[in-house]
Every structure is written in structure tokens, then in C-alpha cells.
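Step one of this worksheet: look at the structure below.
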Amino acid sequence: MQVYPRKRIHGRALVTAGLCFLLSLPPLSRWKALWLLPVIWGAGAVWFLLFLGKYRVRLAIMARGLDPELRKVLEKKVSFYGALGPGDRVDYETQIAVFLQEHRITGVAGVTVTPATKVLVAATAVRLVFRRPAWEFHDFGEILVYPGAFTADGHYSVNTADSDAAGMMHSQGGVILSLPHLLQGFEADNDGFNVGYHEFAHVLDGVRPDGVPGELDLGSYRPWVSVMQREFEKVHRGRSFLRNYAGTNPAEFFACAVEFFFEKPVEMRERSPELYLQLSRFFNQNPADSPDAFPTSPEPTPESPPNT
Ligand SMILES: [Zn+2]
């Protein structure tokens, strides 16, 4: 994500000026309608300034930087952050601060969402778009943090035996995360599970998730589908390194693969170089060569976490 996308802003300025110019042509030919000119250009200026407002806020955030207390949370909990160079750390911090400004994170059923929890939520979301300047999370709705696993229809109850979901992208908008599962994702960051990566991968996948995210460039479509389909079938035959839940449908396959890609990249590269390559190109990241990458685990990936 690019915090201040100059090209996009300049493009909007040109489009605004062009529209105002075209709308000004009829009044220019009739002197009695000249009074419309300041109205047209004034409306254009307001339209552009409304667009620019978000980016002016981002500039202020960039100048202020991330709260030092939140930086300590990243240092303590997020190994990816620790492996970044100084410049990339500042970029990551800034993108996290912007994400927190632009997305509402709310505790539900007694959960008090602390700034530390919020920064961990943002840390997972931002990692997905970190190396893609043109990508931004659209307004996907509120992020709700539950005190534990919840039911498949998104309800939390301490007495519900079928509460087996740790995360969800709601079809009506919004993301639900179970707080203990989110935290567990950082406590064990090389086991192939991170509900944050999983749910925000669903968000990237789009409002009708199908395992082919909207940001995928056209030239990558055919190899992407071919590679994903082959590994998806392996999941169904019980011969994949991905957990069985990845075989639920193509959207879950993509989200589970993204979790594995960021948590166990060395193992994915060894066991399916072509899947690793597709995800590496898509995210423009090479986590297997990162200093925080763990070597291949001899343990098979367990099927322990709840559905996501
Ligand atoms: Zn899922």
C-alpha cells in the first residue's frame, strides 16, 4: 500500500480539471450563462478536496509516526517486523498506523480491544499488501473481535457447543476474529496458522471469494488457476501439506495457502515450488529468504485450529 499515491492524486486532479473544462464550454458560448463557471469550478474543487482529504490525513500520520508503545508491541510479538531493515520498518509502521486510522476495530461480548490488540490485527492485514504499492484494502466494514471461537453464523455464546469458528469474513461485510486465536497466531508464528492472514486473504479475494483475487493480473490468471487446482485436488486426495480445511472450496484453499505461505514459506517452497512461486509473485514477497523464516518443520501440519 502506498500511503501517499502521488500518481493517483495527480490523475484525479487532471480528471477534475478536464471535467470542469468540458462542462465550462456551453456556458462560455452564452454570456448569460457565465455565472455557471464559478459554480462548476467550485464544485470541481470541492470534489477534489474531498478526495484529497484522506491523503492529507495520511501525511499527518506519516509525519507523526507510530506510537512508541505500539512499536514495542511489534518488536515483541511480530517476528516479521524484527527481520525488516530500518527503512522497511518505518514503512510497515506507517501502513499500520494508516490502517488503524481507516478501519474500525471493535470488541464484542465483553472484549476490550486494547491498542496492542489493534496493532496486531493491523500487522496481519498490512503484511499482505506491504510490498504492493498499488493495493489498498477497500472499505470492507468493521472488524469485530470476539472473546473466543464462535458459531458458523457469526454468533458468540459461552454455552454453544458448536462454536468452532476462529475467524470469518461476513457476507454482509466486516471481519470477525477470535482474540485468543489471533494472539496464538503470533505466539506460534511458524505453525501454518494465523487467523489474521487468513481472514484478510479472504478480503483480498473479494466480495464473492473464489480463490482468484481481484488484484491478480490478467497474465497470471491461467498459471494461477492451474497450480491452485492441482494442489486443491491433492488436498482432496489427502496428499497435500495444506490442512484439510483448504479443500472446503477454492476461497478457503487460497486463504489457507496464504497462511502457510507467510508462516511456513521454506516448507511450501520445498513441497510445492510452483504454488510458492505464484503466491510470491502475487504478494511481491519472498518470505522463504527472510531472516525470520524457519527451516522446514519435520512435523506434519496439524488439523487443530477451528474453521476460519
Ligand atoms: Zn476462511
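Just so you know, all these numbers are worked out from the coordinates, no wet-lab data involved. These figures come from a predicted structure and were not determined experimentally. We place every Cβ from the backbone using ideal geometry, glycine too, and count neighbours over all the protein chains shown.
Take every Cα-Cα distance within segment 46-112, group them into 5 Å bins from 0 onward, and report for each bin the whole-number percent of pairs it holds.
That works out to 3, 15, 20, 20, 16, 12, 8, 4, 1, in percent per bin.
Among G65, A45, T106, which residue has its Cα furthest toward the positive end of the charge dipole of segment 1-138, with +1 on Lys/Arg Cβ and -1 on Asp/Glu Cβ?
A45
Dividing the convex hull volume of the Cα atoms of segment 6-64 by its residue count, what figure in Å³ per residue is obtained?
60
What number, in percent, do you get for the relative contact order of segment 6-64 if the mean sequence gap of Cα pairs under 8 Å and at least 6 apart is divided by its residue count?
The value is 36 percent.
Determine the equivalent ellipsoid of segment 1-116 by diagonalising the alpha-carbon gyration tensor, then write out the semi-axes as square roots of 5 times the eigenvalues, largest first, rounded to whole Å. Before the final figure, lay out the partial values.
Working: eigenvalues 393, 58, 17 Å².
The three semi-axes for segment 1-116 are 44, 17, 9 Å.
Sequence-distant or interchain residues sharing an amide H contact under 5 Å with V175, placed H: which?
E142, I143, L144, H170
By count of other Cβ within 10 Å, fewest leading, how are T16, T308 ordered?
T16, T308
Considering Cα pairs under 8 angstrom that are at least six residues apart, work out the relative contact order of the chain and quote it in whole percent.
Relative contact order of the chain: 14 percent.
What is the Cα radius of gyration of the chain over 2.2 N^0.38 Å, N being its residue count?
Ratio of Rg to 2.2 N^0.38 Å for the chain: 1.15.
Only counting other Cβ atoms within 10 Å, I'd like T124, T160 sorted with the fewest neighbours first.
The fewest-first ordering by Cβ neighbours comes to T160, T124.
Considering amide H positions built from the backbone, and no H for Pro or chain starts, which residues 5 or more places from D164, or on another chain, come under 5 Å of its amide H?
F150, A152
If the cut-off is 19 Å between C-alpha atoms, which lysines fall inside it for K7, apart from same-chain ones fewer than 8 positions away?
Within reach: K54.
Report, in deg cm²/dmol and to the nearest 500, the calculated mean residue ellipticity at 222 nm for the chain, where each DSSP H run with n ≥ 4 adds -39500 (n - 2.57) and the sum is divided by the residue count.
-17500 deg cm²/dmol
Output the antiparallel fraction of DSSP beta bridges having both residues in the chain, as a percent to the nearest 5.
Roughly 35 percent of the DSSP beta bridges within the chain come out antiparallel.
Roughly how far apart, in whole Å, are the Cα centres of segment 146-165 and segment 219-251?
28
Trypsin sites (Lys or Arg not before Pro) within segment 228-299: which are DSSP loop residues with at most 12 other Cβ atoms inside 10 Å? Display every interim value, and only then the final one.
Details: sites: R230, K234, R237, R239, R243, R269, R271, R281; in loops: R237, R239, R243.
Taking segment 228-299 and a limit of 12 other Cβ atoms within 10 Å, the loop trypsin sites (Lys or Arg not before Pro) found are R237, R239.
For segment 225-276, count the residues as N, evaluate 2.2 N^0.38 Å, and divide the Cα radius of gyration by that value, please.
On the way: Rg = 9.6 Å, N = 52, 2.2 N^0.38 = 9.9 Å.
That works out to 0.97 for segment 225-276.
Averaged over every viewing direction, what's the projected area of the C-alpha convex hull for segment 140-273? Give it in nm², one decimal, please.
Details: hull surface 34.0 nm².
Mean orientational projected area (segment 140-273, Cα hull): 8.5 nm².
Order these by the 10 Å Cβ neighbour count, fewest first: D289, D189.
Taking fewest neighbouring Cβ atoms as first place, the list is D289, D189.
Counting only Cα atoms, I'd like the Rg/Rh figure for segment 139-195, Kirkwood definition for Rh.
0.99
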